[in-house]
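Remarks on the structure that follows.
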Amino acid sequence: MWRCALPPLLRYPSVDELGAQAAALVARRPQDARLRRVGTSRAGTPLWLLSVGHGSRQALVVAGPHANEPVGGATVLRLAERALADPRLSEDADATWNLLLCLDPDGSRRNEGWLNGPYSLGRYFRNFFRPGFLEQPEWLPDGAAGARLPETRALLEVQDELRPFLQCSLHGVDVGGGFVELTRDLPGLARRVAHTAARLGIPRELGPYDTLYWPSLGPAVYRIPPPRPGDLAAAITEAAVESTWYHPHRHGTVTAVVEAPMWGVAGVEDGQPPTDADAFLRTVSHTLRADTRVLEQLLARIRPYVQGGAEPQAGTGVGLRDAWPRPAGDIRPRTLVVSEAARLLAPVDDYLLVCPGLADAWDPDVDTGAARPLPPLNAAHLAALRIAGRRLALRTAGLLYQLVVASGRDQAGVLPELDRLIDEWCADYRDNCGARWISVARQVEYQSRVVLSAFELARRHAPVRSRSGEPGWGTETVVPMHRE
């Protein structure tokens, strides 16, 4: 395992800090590293690619594909430092590391309310943001040719330019354990993941909700099935859809999706047979239905007071105005137009769309007529399903909380109820599931080591390709992201 003496990480870097730190690294080693703009987000934020080394074999690492998962940004900076410090990772391997600092910088900025800590479940979920499914840049619901998001198009262009032998997509599990998803087997990776997790005290997730129907390639390593047509609900819950994970498959690329947990739960590592799976599933499904009904009722109370479309007031980020002129004596409820309310409502609607179907699919007393019944479940699967049901409820509650706070006034009178629900559900994670915070330094070290293991295993079979055709390596002026 490669080692590099780096200062410990106490917190996640922000989007601006990622750009500034990458620029500083290039300024220090201009002959070995380069920072170039490969696209622009919907809000006009540059998408930066940091490249280290001059080898013919290209590795691509993508950070920040999900806005609420900031660990990847810190990981790519750590990987860049290690590639510069250890010639075995670049010169000796004939490799170039291409590190996309953040694929969804706009969404990531909206999570900066909790990013600096202190790290508590309540603070995280009250500031949680992740866009609706159709605004997540790794998905290709209409195929590569129909990619609409500029962030998605930028990633596709980088993939087709580099034709990497390895792509790593860096993700974070808010509550649970670490695991890896692969488009092609990398024999030996499961053993390395187990060793790294044990050394760092990271629980491995032996039955992730995401991979319930996917083949296992070893403990905590799963094979991503080829994409297939499906509706929105199937895409959200199963993720086996056309995506940027599979797009470079045509170039011989193997993609590794590396998940690192923020709050670890020991129960996700329990591979033993459960004592009474049906009773557990009944409780989980009934709880999810009850939580969904409560959230739907709260949404119905909130929705009349918000609608998307207002421009934000200068300097505030939030626009508040009457939806119609108000004559004297008009006592009708005021409707507030909240800036980008639709962005908060889109994921709420996504979550509430899938919850009833999931509750039915998990309930042993409900015959859904599904072609694929639940597979045999171990205790880890059951723990993951319980965590997933609670996650959907907490994310929805957190988004509704932000929607009300952004409006500037709780006209529906729902904030006390939302506060109570968030506190109660976070306490369930902490006290009943045993969720415990994992330091940022350990998260980053775990993810970095897993990426390095995948790199070593994948490059053994990687073909030699021509070098990237970028002219003037290291000669351009570097502009930090926050100054462009």
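The values are calculated or read from the model by the stated rules, or taken from the named source; none is laboratory data. Just so you know, these numbers come straight off a predicted model, no measurement behind them. Cβ placement follows ideal geometry from the backbone for every residue including glycine, while neighbour counts extend to all protein chains displayed. SASA here: full protein model, heavy atoms, side chains in, ligands and nucleic acids out. Shrake-Rupley method; radii C 1.70, N 1.55, O 1.52, S 1.80 Å.
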(message) The conditions are (1) open to solvent by less than 20 Å² (accessible area, probe 1.4 Å); (2) under 22 Å from the mean Cα position of the chain (by Cα); (3) closer than 23 Å to GLN159 by Cβ; (4) polar (S, T, N, Q), and GLN58 fails exactly one of them. Which is it?
(response) (2)
(message) For the condition over 18 Å from ARG11 (Cα atoms), under 13 Å from the mean Cα position of the chain (by Cα) and open to solvent by 30 Å² or more (accessible area, probe 1.4 Å), what is the one hit in GLU91, GLU135, GLU157?
(response) GLU135
(message) Restricting to segment 26-50, count the residues that are under 20 Å from LEU79 (Cα atoms), charged (D, E, K, R) and under 20 Å from the mean Cα position of the chain (by Cα).
(response) 0
(request) Of all residues in segment 340-360, count the ones that are closer than 17 Å to LEU374 by Cβ and open to solvent by 40 Å² or more (accessible area, probe 1.4 Å). (result) 3
(message) Which residue is surrounded by the fewest Cβ atoms within 10 Å (Cβ to Cβ), if the candidates are limited to segment 381-422 and must be assigned to a loop (DSSP other than H, G, I, E, B) and not small (Gly, Ala, Ser)?
(response) ARG409
(request) Provide a single number: the residues in segment 432-455 that are open to solvent by 10 Å² or more (accessible area, probe 1.4 Å) and under 23 Å from ARG88 (Cα atoms). (result) 2
(request) Could you list, in sequence order, all residues of segment 94-128 that are of a type in the set (D, E, K, R) and either open to solvent by less than 20 Å² (accessible area, probe 1.4 Å) or farther than 14 Å from GLY64 by Cα (or both)? (result) ASP94, ASP104, ARG123, ARG126
(request) Would you please name the residue that is surrounded by the fewest Cβ atoms within 10 Å (Cβ to Cβ), looking only at residues in segment 204-225 that are under 19 Å from the mean Cα position of the chain (by Cα) and of a type in the set (Ser, Thr, Tyr)? (result) TYR209
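Looking for something at pLDDT below 95, surrounded by fewer than 21 Cβ atoms within 10 Å (Cβ to Cβ) and in contact with a Lys or Arg (Cβ under 7 Å, 6 or more places away or on another chain) - is there at least one such residue anywhere in segment 190-203?
No, because not a single residue in segment 190-203 is at pLDDT below 95, surrounded by fewer than 21 Cβ atoms within 10 Å (Cβ to Cβ) and in contact with a Lys or Arg (Cβ under 7 Å, 6 or more places away or on another chain).
What is the residue count in segment 160-203 for residues that are within 17 Å of the chain's Cα centre (by Cα) and not in a strand (DSSP E or B)?
Residues flagged as within 17 Å of the chain's Cα centre (by Cα) and not in a strand (DSSP E or B) within segment 160-203 amount to 1.
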(message) Just to verify a result, which residue in segment 37-55, among those that are open to solvent by 10 Å² or more (accessible area, probe 1.4 Å), of a type in the set (A, V, I, L, M, F, W, C) and in contact with a strand residue (DSSP E or B) (Cβ under 9 Å, 6 or more places away or on another chain), is nearest to THR152 (Cα to Cα)?
(response) VAL38
(request) Select from segment 426-438 the residues that are without any contact (Cβ under 8 Å) to a residue 40 or more places away in the chain and not aliphatic (A, V, I, L, M) and list them in ascending order. (result) ASP428, ASP431, ASN432
(request) Collect the residues in segment 92-132 that are acidic (Asp, Glu) and either farther than 22 Å from GLN159 by Cα or at pLDDT below 95 (or both), keeping them in residue-number order. (result) ASP92, GLU112
